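Student: Sending over a structure as structure tokens; questions will come in a sec.
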Amino acid sequence: MANKIVLGILAHVDAGKTTLAETMLFHTGMIRQMGRVDHRNTFLDTNEMERARGITIFSKQALLSIGDFEITLLDTPGHADFSAEMERTLQVLDYAILVISASDGVQAHTQTLWKLLHRYEIPTFIFVNKMDLPGGNKESVLSLLKERLGEECVDFSLDHDTSEWQEQIAVCDEAVLEQYMNGKSISDMQTVELISQRKLFPCYFGSALKSDGVCEMILDLGKRLCGKVYPQDFGARIFKISRDEQGNRLTHMKITGGRLNIKKLITYECGQNLMNPRAGEVADEQIEEKVDQIRVYSGVRYEMIQEVEAGGVCAVTGLSHTIPGQGLGMEKEEKHPILEPVLHYAIHLPQGCDALQFMDKLRQLEEEDPQLRIIWSQRYQEIWIQLMGDVQLETLQNMIKSRFGVVVEFGEGAILYKETIECTVIGAGHYEPLRHYAEVHLLVEPDESGSGITVMSSCSEEQLDKNWQKQVMTYLREKELTGVLTGSPVTDMKITLVAGRAHLKHTEGGDFRQAAHRAFRQGLMKTKSILLEPIYEFRIELPTDAVGRAMSDITRMYGQSELLENTQSGAILTGTAPVSTMRGYQKEVTAYTKGQGRLFCNLNGYAPCHNQDEIVKTLGYDPETDFENPSGSVFCAHGAGYVVPWQQVEEMMHTEYAEGKKLYAPIQNTDLPILQNTNPDRHTETVKRKVKDSWSSQKELEEIFERTFGPIKNRSIQTTGGFGHEQNRQVTGNRQESTGRDENKQVHKRTDQKEYLLVDGYNIIFAWEELSSLAALNLDAARQKLMDILCNYQGYRQCILILVFDAYKVKGNIGEKQEYHNIHVVYTKEAETADAYIEKTTHEIAKQNKVVVATSDGMEQMIILGHGATRLSAQGLKEEVIKTNEMIRQDIDEQKTKGKVYLGDHMNETLLNEFNKTQQ
Ligand SMILES: Nc1nc2c(ncn2[C@@H]2O[C@H](COP(=O)(O)OP(=O)(O)OP(=O)(O)O)[C@@H](O)[C@H]2O)c(=O)[nH]1
Ligand SMILES: [Mg+2]
């Protein structure tokens, strides 16, 4: 059994934790002089900001011995803004001392800590501090503890051993009670056991500042602690990342199995952030690194050692990608933290400071506090950061200044909303681009407030192999799923995998991730979502004559209040109110009570938002254009994938979840996606008119071209573009008649010619109204939308489709060619415009192949005509796309009547190789 124990000190702000640690260190002979927080000379509050403010900001450790035990004492911050730092230490504590200030009693934050201690299953002692202050009455505090925290809080401050004391312990456990009733008294060993099982919470009373009751507590702890038995195999739990004064990265961990030596090779998963699972981020890369130094810290000093055994806490250098919360060796699973920021702020950088470069620096801070969740807002072109409150904001501002020498300002903080759902629903997702396959059906149910997300499976293994099921569940657990109302994270729901299907040949790792995500979003789109906002639990201490004012303020803030105490000396008001309305209320309280009132706020989870409609409108989120979180599915036809909007996916699914049929709830919103033309008559009308338009402009352009460069050779003219369809070919044929005798040879040679469509990306985006308005908000989204539209188009028309985006202004850019499902997307290199790329490519391929260029740019059109390509106007392409969508729809209807088949089995695999050949 190890004699090493990790003992944490927890409490609300200013309860006296650091003072208690100082006193304990003094009385166990670890320090010779007792420092004071108020004199800025304590052993543990060593940081400049801590000394200046008189509060603890970072958790720190000190070593001491109690009896035979080697104790690592962890002092934690009490301010609610730093509670994430506190919560991180909970994962490594063997025992905790919960400090309660006699003058403040059991505060809301104390209750939060109590719940956390329960969640992390930490045996706890209670020290009631500040008993030296007036009003410090042991009996009344003890009865308050019993009332608020439980009858298991028992006075251990005196050597009682009376029958009354024994009785109080006996009632904590049935077996012990029975033994006690049979006349056998309770042994010290039994109290040790009850404490370690969290059935008994010993309480001590005193004053840390005056050294009252502290020695007594230390002596008693020696009798009540118990070491743990650890496994032989190496394991460790990381609870903190920090940097020393020289900037060395330190990984703080508790060894939970075997031992750790210097030079030990550690293999761990990199890229997984347990505290902050980011969108789509899943652990996949294994990293192996050597432990360089092992340091054992006490205060700011440390000793370097060769080896540390299970039960010990150390800081290690040499590991570069570790994350708080991560387990090493045999330690794996970890609980996600409960306390989380509810506000986010934009960071305003000084002029000349490059935002993206600065992001890399900020990542260092995020490593140390993963909940900062630093993100780049594409929409606002700003860095956003999540914080718990104003004190953390100020601290961060100082840290940025001292570490990076940059003075940053913060924007007005905004509330972090969440979403949940009102009714149970089933969502279906299918993912089947070329050579991929996965289908997922999820039952999504609303769950209790504060329960978070629970993921499980009830799908049979005959239907879907266990490994695929695991993958779906891992993905849903690790990704931060977002809602469709405002794009905020979702919570309080149970997600059950109820059906799914894989393909023997085509299913690959990421396919189920895609299908699961699409299924989840499809479900959300169908059901009603509820916006949740963070809620404060408050306590206001104020003069009696100000109670009326306070109560009416709370009502105005959409809160609820209750008068807890109302005496001549003052009143206490408690209750709850939204964070959004209560922020900054402290100032008002101070003003109307002339400095006599005090407001204490503590986060109390999320509740339905008091002004949902207003917030939804202000945030202006559109789930249909959130391309990172699609709700539609990808199906396969004629060898290529095409996107089907969420409203239409259900009847196309290959599997069904029979029992839950009625839960594929009625779809309320049946708006068709853009570019889907549902009225055939109107459609034909428009096409006719457009054909005429594009004829005339084509003719005009030819004339300009011929005037400038002479007669055009080797060309075919097309009006509305299109591939592989008779009506289009006819138009082409008619025009070819006029191209002269030489063309006969060409026509003959071209029997095996390929059909190419080159699309000038930005040109089309700005010519199509739907895309240009989207581009104004989010260019990425517009690009993505165009890519998806063209995927569908290609899938049906089977041409070789090259979409070109101009990236010539991007410095140092070497150009890029990507395969996006069934189309090719090219980003031109520095100093090369899309026109130039299209011109060059047309020149190369138009001799042998049929080439159509879709653009609306005048200059480009003239040059490509010279190379023998055909132009398709932006409007013409749009008409083509609409027409193709209609045809796909008809095909789908046909398929439905014929029965479902795996379309992925009939894929045309040669198609994609063509483009690569032309590029060599
Ligand atoms: N009267 C009295 N004051 C105390 C006692 N213990 C601490 N204090 C004072 O209370 C204030 C806060 O003490 P700290 O030890 O910094 O409290 P803390 O819990 O560590 O505070 P944070 O780390 O900021 O959460 C200081 O001014 C201390 O001098 C006590 O027993 N009696
Ligand atoms: Mg402190």
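The values are calculated or read from the model by the stated rules, or taken from the named source; none is laboratory data. This is a predicted model, so every value here is computed, not measured. Glycine gets a Cβ as well: all are built from the backbone with ideal geometry, and neighbour counts include every protein chain shown.
Student: Is it the case, given these coordinates, that E331 is under 25 Å from T474 (Cβ atoms), modelled with pLDDT of 85 or more and assigned to a loop (DSSP other than H, G, I, E, B)?
Tutor: Numbers: under 25 Å from T474 (Cβ atoms): yes; modelled with pLDDT of 85 or more: yes; assigned to a loop (DSSP other than H, G, I, E, B): yes.
Yes: the conditions hold for E331.
Student: Let me ask something additional. Has region 583-598 got any residue that is crowded, with 19+ Cβ neighbours inside 10 Å, of a type in the set (S, T, Y) and not in a strand (DSSP E or B)?
Tutor: Checking region 583-598: at least one residue is crowded, with 19+ Cβ neighbours inside 10 Å, of a type in the set (S, T, Y) and not in a strand (DSSP E or B).
Student: Oh, and also: Could you tell me whether any residue of region 504-512 is surrounded by fewer than 18 Cβ atoms within 10 Å (Cβ to Cβ), acidic (D, E) and either touching a Cys at 6+ places or on another chain (Cβ under 9 Å) or without any contact (Cβ under 8 Å) to a residue 40 or more places away in the chain (or both)? So that I can check it myself, show each step before the final result.
Tutor: Here is the first cut: in region 504-512, the residues surrounded by fewer than 18 Cβ atoms within 10 Å (Cβ to Cβ) are 504-505, 508-510.
Pick out the ones that are also acidic (D, E) and you get 508.
Still in the running and either touching a Cys at 6+ places or on another chain (Cβ under 9 Å) or without any contact (Cβ under 8 Å) to a residue 40 or more places away in the chain (or both): none.
No, there is no match, as no residue in region 504-512 is surrounded by fewer than 18 Cβ atoms within 10 Å (Cβ to Cβ), acidic (D, E) and either touching a Cys at 6+ places or on another chain (Cβ under 9 Å) or without any contact (Cβ under 8 Å) to a residue 40 or more places away in the chain (or both).
Student: Okay, next question. Exactly one of (1) modelled with pLDDT of 95 or more; (2) surrounded by fewer than 21 Cβ atoms within 10 Å (Cβ to Cβ); (3) within 11 Å of ligand 1 (Cβ to nearest atom) is unmet by L63. Its number?
Tutor: All conditions are met except number (3).
Student: Can you tell me which residue within region 7-37, out of those that are within 12 Å of ligand 2 (Cβ to nearest atom) and assigned to a helix (DSSP H, G or I), is nearest to G78 (Cα to Cα)?
Tutor: Among them, the one singled out is K17.
Student: Moving on. Would it be correct to say that S143 is within 15 Å of ligand 1 (Cβ to nearest atom) and among the polar types (S, T, N, Q)?
Tutor: Numbers: within 15 Å of ligand 1 (Cβ to nearest atom): no; among the polar types (S, T, N, Q): yes.
So S143 fails the test.
Student: Please go through region 126-140 and give me each residue that is at pLDDT below 95 and closer than 14 Å to L98 by Cα, ordered by number.
Tutor: Scanning region 126-140 gives no hits.
Student: Right, D94: more than 16 Å from ligand 2 (Cβ to nearest atom) and modelled with pLDDT of 95 or more or not? First the steps, then the outcome.
Tutor: Details: more than 16 Å from ligand 2 (Cβ to nearest atom): yes; modelled with pLDDT of 95 or more: yes.
Yes, satisfied.
Student: Further, regarding this structure: Please work out which residue is surrounded by the fewest Cβ atoms within 10 Å (Cβ to Cβ), limiting yourself to region 1-51 and to residues that are under 37 Å from the mean Cα position of the chain (by Cα) and away from ligand 1 (no atom under 12 Å from the Cβ).
Tutor: Residue satisfying both the conditions and the ranking: E48.
Student: What number goes with the only condition from (1) acidic (D, E); (2) within 13 Å of ligand 1 (Cβ to nearest atom); (3) under 21 Å from T256 (Cβ atoms) that E121 does not pass?
Tutor: Going through the list (1) acidic (D, E); (2) within 13 Å of ligand 1 (Cβ to nearest atom); (3) under 21 Å from T256 (Cβ atoms), E121 breaks only (2).
Student: Which residues, taken from region 364-386, are closer than 17 Å to E85 by Cα and among the charged types (D, E, K, R)?
Tutor: In the first step, residues of region 364-386 are kept if they are closer than 17 Å to E85 by Cα; the result is 364-374, 385-386.
Answer for region 364-386, where residues must be closer than 17 Å to E85 by Cα and among the charged types (D, E, K, R): E366, E367, E368, D369, R373.
Student: Here are the criteria: (1) within 11 Å of ligand 2 (Cβ to nearest atom); (2) of a type in the set (A, V, I, L, M, F, W, C); (3) at pLDDT below 95. Tell me which single one V99 does not satisfy.
Tutor: It fails just one condition, (3).
Student: Against the conditions (1) in a strand (DSSP E or B); (2) within 11 Å of ligand 1 (Cβ to nearest atom), where does D81 fall short? Just the number, please.
Tutor: Here D81 meets the rest and fails (1).
Student: Would you mention how many residues in region 148-167 are within 23 Å of M131 (Cα to Cα) and within 50 Å of the chain's Cα centre (by Cα)?
Tutor: The total comes to 12.
Student: Identify, by number, the condition in (1) within 25 Å of N611 (Cβ to Cβ); (2) out of contact with any Pro (no Cβ under 8 Å at 6 or more places or on another chain); (3) in a helix (DSSP H, G or I) that M525 doesn't meet.
Tutor: Here M525 meets the rest and fails (2).
Student: Please verify whether region 639-651 includes one or more residues that are hydrophobic (A, V, I, L, M, F, W, C), in contact with a His (Cβ under 8 Å, 6 or more places away or on another chain), modelled with pLDDT of 65 or more and part of a loop (DSSP other than H, G, I, E, B).
Tutor: Among the residues of region 639-651, at least one is hydrophobic (A, V, I, L, M, F, W, C), in contact with a His (Cβ under 8 Å, 6 or more places away or on another chain), modelled with pLDDT of 65 or more and part of a loop (DSSP other than H, G, I, E, B), which makes the answer yes.
Student: Check region 205-214 and report whether any residue there is within 17 Å of I9 (Cα to Cα), within 16 Å of ligand 2 (Cβ to nearest atom) and in a loop (DSSP other than H, G, I, E, B).
Tutor: Scanning region 205-214 turns up at least one residue that is within 17 Å of I9 (Cα to Cα), within 16 Å of ligand 2 (Cβ to nearest atom) and in a loop (DSSP other than H, G, I, E, B).
Student: Follow-up question, since we're still on this one. Just for region 102-145: of the residues that are part of a helix (DSSP H, G or I) and among the β-branched types (V, I, T), which one is nearest to ligand 2 (Cβ to nearest atom)? Spell out the reasoning first.
Tutor: Taking region 102-145 and keeping what is part of a helix (DSSP H, G or I), we get 108-119, 138-145.
Checking the rest, the ones that are also among the β-branched types (V, I, T) come to 110, 112, 141.
On the way: T110: 15, T112: 17, V141: 21 Å.
The residue in question is T110.
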